[in-house]
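Report on the structure given below.
The values are calculated or read from the model by the stated rules, or taken from the named source; none is laboratory data. Being a predicted model, the structure only gives us computed values, none of them experimental. Methodologically, a virtual Cβ is constructed for each residue, glycine included, from the backbone with ideal geometry; neighbour enumeration extends over all protein chains shown. Accessible surface areas use protein heavy atoms only, side chains included; no ligands, DNA or RNA. Shrake-Rupley method; radii C 1.70, N 1.55, O 1.52, S 1.80 Å.
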Amino acid sequence: MLDSVIEYKNILYGKRDGIGKITINRPEVLNAVDYPTIVELKDLLSKIKNDQEVRVIIITGSGEKSFIVGADRNEIGKRDQNEEEAERFENTCRETFNLLENLGRPSISAINGYCFGLGLQLALACTFRILSSNAKLGLPEINFGFFPSMGGTQRLTRLIGEAKAMEMILTGDSIDGEEAYRIGLANKILPQNEVEDYVERFAERLAEKNPDVMRLAIDAIRHEKGTSMKEGLAYEAKLSELCFKNKVVKE
């Protein structure tokens with residue numbers, strides 16, 4: 001068991017032996033993320049960033065059915081009803097995922113069941129993705145008149161290549177764990193009852209490494225030629241603003 005260190009309404013968090021574990025705890029809505037939840041997650045990651053005791057982070061969802069099914073329905077509905085609140089939610093998600101990606105230490109998403117939309121975009125910001133055999137992943141945003149603009153277009157393409165990223169984003173189709181592993185979206189797929197133990201052992205191995213060396217290694221691996229992630233994310237956000245203002249999309 002992890003020692004509890006910070007309490008939130010929608011998130012469980014504890015740390016032990018250099019490992020911090022975050023659980024999105026809204027099982028009644030399959031861990032769908034609303035604005036209060038993303039604010040809590042951003043606040044927690046900011047605290048973790050300044051906590052040198054934490055060398056590795058695990059992120060998972062409560063229950064066996066879902067990692068994160070996506071954004072809460074109320075947040076999706078705000079796109080048509082309140083653009084200002086919708087933009088606030090989306091910008092906070094971007095800031096949170098960028099913070100997660102740039103913590104300077106490895107993060108592991110342990111994915112059970114549904115991992116759609118916002119959930120997959122969060123997982124893409126993690127260093128590793130470990131899947132249960134019942135995992136279903138997808139970016140269905142195109143079916144609702146927008147696209148995965150919280151880092152999804154940039155991170156997914158860099159991870160699995162343009163062709164498969166185009167297919168997933170433009171069709172909105174979901175894939176199972178085996179396909180996710182085959183195309184390089186997942187690092188490992190395991191029977192559901194083995195995921196938790198495996199992730200904890202994996203985290204323990206990483207926590208034994210020199211944290212400064214791991215940070216440098218992460219930076220070196222992510223250094224790529226061409227458009228930087230920062231530039232790509234900024235361009236993606238700019239295009240997302242056009243979706244908010246598009247009359248046809250609203251209809």
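Over the range 8-67, accessible surface divided per residue gives 43 Å², non-protein components excluded, 1.4 Å probe.
Relative to the longest principal axis of the Cα atoms of the chain, the long axis of helix 162-171 lies at roughly 60 degrees.
Top to bottom by accessible area (1.4 Å), largest first, where do Tyr13, Tyr8 land?
Tyr8, Tyr13
The residues of the range 127-248 present an accessible area of 59 Å² per residue when probed at 1.4 Å with all protein chains retained. Protein-only accessible surface at a 1.4 angstrom probe places the residues Tyr181, Tyr235 in the order Tyr235, Tyr181, largest first. Across the range 77-168, the mean sequence separation of Cα contacts (distance under 8 Å, 6 or more residues apart), normalised by length, yields a relative contact order of 25 percent. Relative contact order, whole percent, for the chain stands at 17, derived from Cα pairs under 8 Å and 6 or more residues apart. Karplus-based coupling profile of the range 94-110, in residue order and whole Hz: 4, 4, 5, 5, 5, 4, 4, 5, 10, 6, x, 8, x, 10, 10, 9, 9, with θ = phi - 60° in 6.51 cos²θ - 1.76 cosθ + 1.60 and x standing for Gly or Pro.
When the solvent-accessible area of the chain is split by element, carbon and sulfur atoms take up 50 percent of it, the probe being 1.4 Å.
The label point for Arg88 and the one for Met166, both projected 7 Å from the Cα toward the Cβ, are 3.9 nm apart.
Hey, what did the range 137-206 get for relative contact order, percent, Cα under 8 Å, at least 6 apart?
34 percent
Placing one equal scatterer on every Cα of the range 69-204 and applying the Debye formula, the log10 ratio I(q)/I(0) at q = 0.10 Å⁻¹ is -0.32. For the chain, the longest principal axis of the C-alpha atoms and the axis of helix 195-207 are separated by about 70°. The modelled label-to-label distance for the pair Glu178/Asn74, using points 7 Å beyond Cα in the direction of Cβ, is 4.0 nm. Here the simple spin-label model places points 7 Å from the Cα toward Cβ, and for Lys65 and Ser46 these points are separated by 3.3 nm. Please compute the net charge surrounding Phe67, taking Lys and Arg as +1 and Asp and Glu as -1 over other residues with Cβ under 10 Å from its Cβ. Cβ neighbours under 10 Å give a net charge of +3.
The long axis of helix 35-49 is offset from the longest Cα principal axis of the chain by roughly 40 degrees. Taking other residues whose beta carbon is less than 11 angstrom from the beta carbon of Gly184, and scoring Lys, Arg as +1 and Asp, Glu as -1, yields +3. Helices in the chain, meaning DSSP H runs of at least 4 residues, each add -39500 (n - 2.57). Divided by all residues, the mean residue ellipticity at 222 nm is -14500 deg cm²/dmol.
For Ile189, the residues 5 or more places off, or on other chains, whose built amide H falls under 5 Å of its own are Leu131. Taking amide hydrogens as placed 1.01 Å from N in the peptide plane, the amide H of Ile58 sits under 5 Å from those of Gly20, Lys21, Ile22, Ile108, each at least 5 positions away in sequence or on another chain.
How big, in percent, is the set of alpha carbon pairs in the chain lying more than 26 Å apart? Within the chain, distances greater than 26 Å cover 36 percent of Cα pairs.
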